Structures are given as structure tokens and as C-alpha cells.
1. Please work out if residue 112 is surrounded by fewer than 15 Cβ atoms within 10 Å (Cβ to Cβ) and not assigned by TED's automatic domain parsing to the domain that holds residue 315.
2. Can you name the condition, by its number, that residue 81 falls short on among (1) within 23 Å of residue 162 (Cβ to Cβ); (2) surrounded by 19 or more Cβ atoms within 10 Å (Cβ to Cβ); (3) more than 18 Å from the chain's Cα centre (by Cα)?
3. List the strands (runs of 3 or more DSSP E) that sit entirely inside region 208-317 and contain at least 3 residues that are within 41 Å of the chain's Cα centre (by Cα), modelled with pLDDT of 95 or more and of a type in the set (A, V, I, L, M).
4. Working carefully through the options 130, 203, find the one that is in contact (Cβ under 8 Å) with a residue 24 or more places away in the chain and touching a helix residue (DSSP H, G or I) at 6+ places or on another chain (Cβ under 7 Å).
5. Looking at residue 48, is it modelled with pLDDT of 95 or more and either assigned to a helix (DSSP H, G or I) or surrounded by 12 or more Cβ atoms within 10 Å (Cβ to Cβ) (or both)?
6. Among the candidates 168, 127, 177, which residue alone is within 24 Å of residue 328 (Cα to Cα) and either among the aliphatic types (A, V, I, L, M) or at pLDDT below 95 (or both)?
7. Scanning for something within 19 Å of the chain's Cα centre (by Cα), loosely packed, with under 14 Cβ neighbours inside 10 Å and at pLDDT 90 or above, does region 98-108 turn up at least one residue?
Amino acid sequence: MPDMTPLAIGAAAAATGAVLAKETAAPKAAPVRAPAKAGEEALAIPPAKAAAETESLAFTPAPFAGGNSKKPKAKGGLVDHYLTIAMLVALAPLAIVVIGAAGGRFLDWSWRESFQAVFLSGPTPNLGWAPAIALVGVVTGVIGLLAAAFGGWKRHWRKAMAVFGVTLATLAALAALALTAGRHPSIHDVATDWSEPLLFSHAVMQARGPGANIVEPSPVAPLDAGAFAGRPVAEINMETCPAARPMILNRTPAEAYAAVKAAMLAEGMALVTDNPATGRLEATATSLVYGFRSDVVARVQAQGVGARVDLRSISRAGEGDMGANCGIIGGIAAAMAR
């Protein structure tokens, strides 16, 4: 039978208190039982209660987040990648136009390579590469809007709308170009006098080359020229180009010749023939973007007390000039009036 004397009970209670004090001071230490003396029953904290008290006293420090506690940004995802590809498709027509222009202006590409393939006859005989890819861009743009709507509109709407906006802007530019071309007859020859048509010298004809447009004394519009098909170019000039009129000047022929020459140089043309004795000037005009060339001839002769100036401008390549040659003659007349 255990010793139940007051002295034994007090010793056991003191031992138990010491154990509890030790656990409180060092919460990470394992639970300790009070040692039992020989012939005595050990007084110990029940295991369940000791584990609970030890667990309640345990301390686990929280991980240190450092100076930046922001969550890392999520990656773009499939929708974002698709919209990036769609943007490249939307920008592709512009890139094709720039490449074609650079090839025609700096690499001496032909009209068919730099312009016709880009706008008129590319993957199909009636559709150039730029408008064809622009139509593909419409499809990819619509798919991009749907992908953004179902994949998180708040997150992707800006990029999706940018893709679709670029596509619409490209189509609008191509449509404007087509409308501009449709307003001009499909011809490439403008002159102020068809009763005595101006022809080019041997030097200019050599510069034009064998593949250039034919220089005819009385040209006729091609059969695919729409409402102007088969009509004489002289009649078409009179109807569509206000500048296609002889210039009658109140100047001496020498003064008029000097004025025509100065106007050609002011318009950035390169002189080929400069013959004041015959009153004949020849020059080459080069377009700014594509580098298309038109050959220009001027004739200055006396008329009454003044002088008469006649001009002719013919593109080297291309069926229709979109009004370029009419603009060349009008530019010379405007420069002479300044």
C-alpha cells in the first residue's frame, strides 16, 4: 500500500509543480513525467491532458514574406497568346504594303512585284495579298473577341479590341484606295494636245525599256476600262483631267521655256532633254512612295505675241495611273503660276 503520509503527498505535489513550471518555461520540450520513488506510485499528468497542454503551448513562427508581399502575376494564358498572334495577322497587310513600297522604291522591283501583287493580283487573280490577309484578319479578330468574352473579358478586352480596331482600320484604308482608283479612268497617258501628239526622243525610249507601256500617237482605253472602254484617250482626258489643256502665256517663248524648266525642277523631275533652240524639254517624274516613273515631254512654241506650252506625261508601267499623270501636268502648271 502506498505511503499516504502528508510528507509523501507534499513531496509528490512539489515534483508535479516543478514539471509543469518547466513545461511552461520551455514550450518546445517534450512532456515529462514526475519520477516515482521506490515503492511509491508515480503521480503524472495524464497523457491526453499533457499532449493537449503541450500543443496549446507550442509556437510555430510564420514564414517571413520579406519586403514584397504581393502575389506573383499570373501568366497570359492561351487567350493572351492567341490575341498576340491575331495582332500579328492584323498588322501583316501593312507590313506587306511597306515591303512592296520599299522594293519598288529602293530595290527596283517591277510594277507587278511591288504593286500589282500587293493590291490587285496575289493569291487569286482578282485579289492582292494585302486585302486577302486583311480578310483573314477579320476572321481572327472576331475569334479574338469571342475568346476574350469567354476567357475573361475584364482581363483581355483591351487587347481584343486593339486587334479588331487595327483590322478595321486596314480594311478602311484599302477600301479608300479602291474608291480612289475607281474614280479615275484606267489609263496611263495624259496630254494637252492630241492634234499634234508629242512623242519621246530616242534617249527617253531607251530609258523606258522594252517592257514599258507603248507610246502611241492616238491611244485608246483598254476593253476592261469600264465606262471608258474602247474610247480615245484624247476624249477621256478632256472629260476627266482639267489640266489637260494647252497653256497660252503672255510671255516670250524663251521666258515660257525657262518657266517650264524651272517648274519641272521644282516638282523634283530629272531632266533628260534640255534644248532651248527647239523649245523641247524631257524629264522623268518619280513617285514618292513606290518610285513609279512617268516620262514627261514639253513643247514651247510661239503663238501670236505670246507662247504656247503643251505637255504629255506617260507612265512606264501599270494599266491605270490613279490620276498620277494628270497630277503631274497640273503640278507643272501650278508651279509655273507661282
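1. yes
2. (2)
3. Hits in region 208-317: 270-275, 293-303.
4. 130
5. no
6. Answer to the selection: 177.
7. yes
One line per residue, one yes/no per condition, for (1) under 30 Å from residue 100 (Cβ atoms); (2) surrounded by 14 or more Cβ atoms within 10 Å (Cβ to Cβ):
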| position | (1), (2) |
| --- | --- |
| 201 | no, yes |
| 222 | yes, yes |
| 237 | yes, yes |
| 241 | yes, yes |
| 250 | no, no |
| 261 | no, yes |
| 288 | yes, no |
| 291 | yes, yes |
| 299 | no, yes |
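The values are calculated or read from the model by the stated rules, or taken from the named source; none is laboratory data. Quick caveat: nothing in here was measured; it's all calculated off a predicted structure. Counting neighbours? That spans all protein chains shown, and the Cβs are built from the backbone with ideal geometry, glycine included.
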